[in-house]
Every structure is written in C-alpha cells, then in structure tokens.
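> Have a look at the structure that comes next, please.
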Amino acid sequence: MKANVIHQRKGWIPDAFVAPEDLMPYADEDGLGVEAKALHVAVEVVSPGRRNQDRDRIGKRREYARAGIPVYVLIDDYDGQGAVTLFTGPRRPDKADWEDIHRVPYGTDVTIPEGPAKGFVIGESVTGPRRG
C-alpha cells in the first residue's frame, strides 16, 4: 500500500512502511494521508538521479526523524556497491537526526531491532548479493 505520510502539514510517500493494519484512526484531518505517528518503520529505496538521492538520503532521513518514526531503512543501490542503512532512535525533533545509524554493504544481514517488524532481516533475499 502506498500512502502519503503527514507530519506538521508536510507529506512524503515512503516506498514501504509498517503500520497498524487499520490506518483509519490515523488519517490526517485534511484527508491527505496518514499521520506519521502511526508508522513503526519507513523504508526508502534510493531512486536514480542526484535530486532523488538527496531527497531519500538527506531530506527524508531528517523528516522521518523529526516525525518520530522509530525506524528508517534506506536501501541504496548507489552507495558504493550497494548498502542498507538502518536508522533507529530518532532524536529530539529539533535535531532531526538519529541515535543509531548502522550501514552494511549488500549481502550483509541487518535486522530490525524493535517494534512490530522486530527480527525482520534485510539481507540477500531483499538486496541480492554484495556487488563488486
């Protein structure tokens, strides 16, 4: 399911997310999407092009931290030979950053550490083997 994720009247569309099955109670007041507070995990697959890469790597990273989404997964074909970065523990909204950032090359397992997706492994079955 694709949906707009809304926080402080700004919206983003993650490539995937984990949220309660019934998102109706989390619909924003303008009917534009769901409130960011409903999300447990946001996932982005970096798109080609400098502007898209900056949006996924920098803009969405900051905005998801500001919104307090507990886990952000960035799958990036354009980071070296491919990398998965797991961001957890968003800091205070004014800092727009994360307590823990764990980056691994494709082919290395990384496990979601908390929430409903706890234990989900992102590895070769998702990214394919390490390139190079």
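> For I101, are the conditions met, namely being on the phi < 0 side of the Ramachandran plot and surrounded by 20 or more Cβ atoms within 10 Å (Cβ to Cβ)?
The answer is no for I101.
> Considering only segment 44-60, I want to know if a residue exists there that is assigned to a strand (DSSP E or B) and in contact with a Gly (Cβ under 7 Å, 6 or more places away or on another chain).
No.
> Residue by residue through segment 87-118, note down the ones that are farther than 23 Å from A67 by Cα, part of a loop (DSSP other than H, G, I, E, B) and either modelled with pLDDT under 90 or of a type outside the set (D, E) (or both).
Y106, G107, T108
> Restricting attention to segment 63-83, does a residue exist that is at negative phi, buried (at least 20 other Cβ atoms within 10 Å of the Cβ), of a type in the set (V, I, T) and part of a loop (DSSP other than H, G, I, E, B)?
Yes: one or more hits.
> Please state which of the following conditions E44 fails to meet, knowing it meets all the rest: (1) of a type in the set (D, E, K, R); (2) under 18 Å from A117 (Cβ atoms); (3) surrounded by fewer than 20 Cβ atoms within 10 Å (Cβ to Cβ); (4) in contact with a helix residue (DSSP H, G or I) (Cβ under 7 Å, 6 or more places away or on another chain).
(3)
The values are calculated or read from the model by the stated rules, or taken from the named source; none is laboratory data. All of these numbers come straight from a predicted model, not from anything done at the bench. Positions of Cβ are generated from backbone atoms using ideal geometry, with glycine treated the same way; all protein chains shown enter the neighbour counts.
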